[in-house]
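Here is the structure we will look at.
The values are calculated or read from the model by the stated rules, or taken from the named source; none is laboratory data. Values in this document were obtained by computation on a predicted structure and should not be read as measured data. Glycine gets a Cβ as well: all are built from the backbone with ideal geometry, and neighbour counts include every protein chain shown. Surface areas here come from the heavy atoms of the whole protein model, side chains and all, with no ligands, DNA or RNA. Shrake-Rupley method; radii C 1.70, N 1.55, O 1.52, S 1.80 Å.
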Amino acid sequence: MVTEAMKLARFDHPKHGTFDSPEAVLKSDKLSDSEKSDILSEWKSSLTHILHNEPNAPAVKETHASLDDAMERLAAGRF
């Protein structure tokens, strides 16, 4: 499970590509704000599932917190 958790510290989106961090999603000039929001939400959902099964996965916990921050910044228009 640890390897699965580490793999999910990045996100592969079938249409928009791979993102190494939530910050990379925010900085992408190829995505609309709506697409950024969708990607961040999908990523967070996948990590929430992993955290449920592996609550002490440090890379996942860190990325989950970064996603929360990125989603707040996107909603506030601060990115």
Extension gain (nm, one decimal) between A59 and E35, 0.36 nm per residue minus Cα-Cα | 6.2 nm
Convex hull of Cα atoms in the chain, direction-averaged projection (nm²) = 4.7
Could you compute the FRET efficiency for H16 and F79, with r as their C-beta to C-beta distance and R0 at 22 Å, rounded to 0.05?
-> 0.85
Using the Cα centre as the reference, give the magnitude of the dipole from point charges on the C-beta atoms of the chain (Lys, Arg: +1; Asp, Glu: -1; all else neutral), rounded to the nearest 20 debye.
-> 80
Hey, rough spin-label estimate for H49 and D68, points 7 angstrom out along Cα→Cβ, what's it come to in nanometres?
-> 2.1
Sorting D12, D29, D68 by accessible area (1.4 Å probe), largest first, what list results?
-> D29, D12, D68
Mind pulling the angle between the C-alpha long axis of helix 58-76 and the longest principal axis of the chain? Nearest 10 degrees, somewhere in 0 to 90.
-> 20
In deg cm²/dmol and to the nearest 500, what is the mean residue ellipticity at 222 nm of the chain if only DSSP H runs of at least 4 residues count, each as -39500 (n - 2.57), divided by the residue total?
-> -21000 deg cm²/dmol
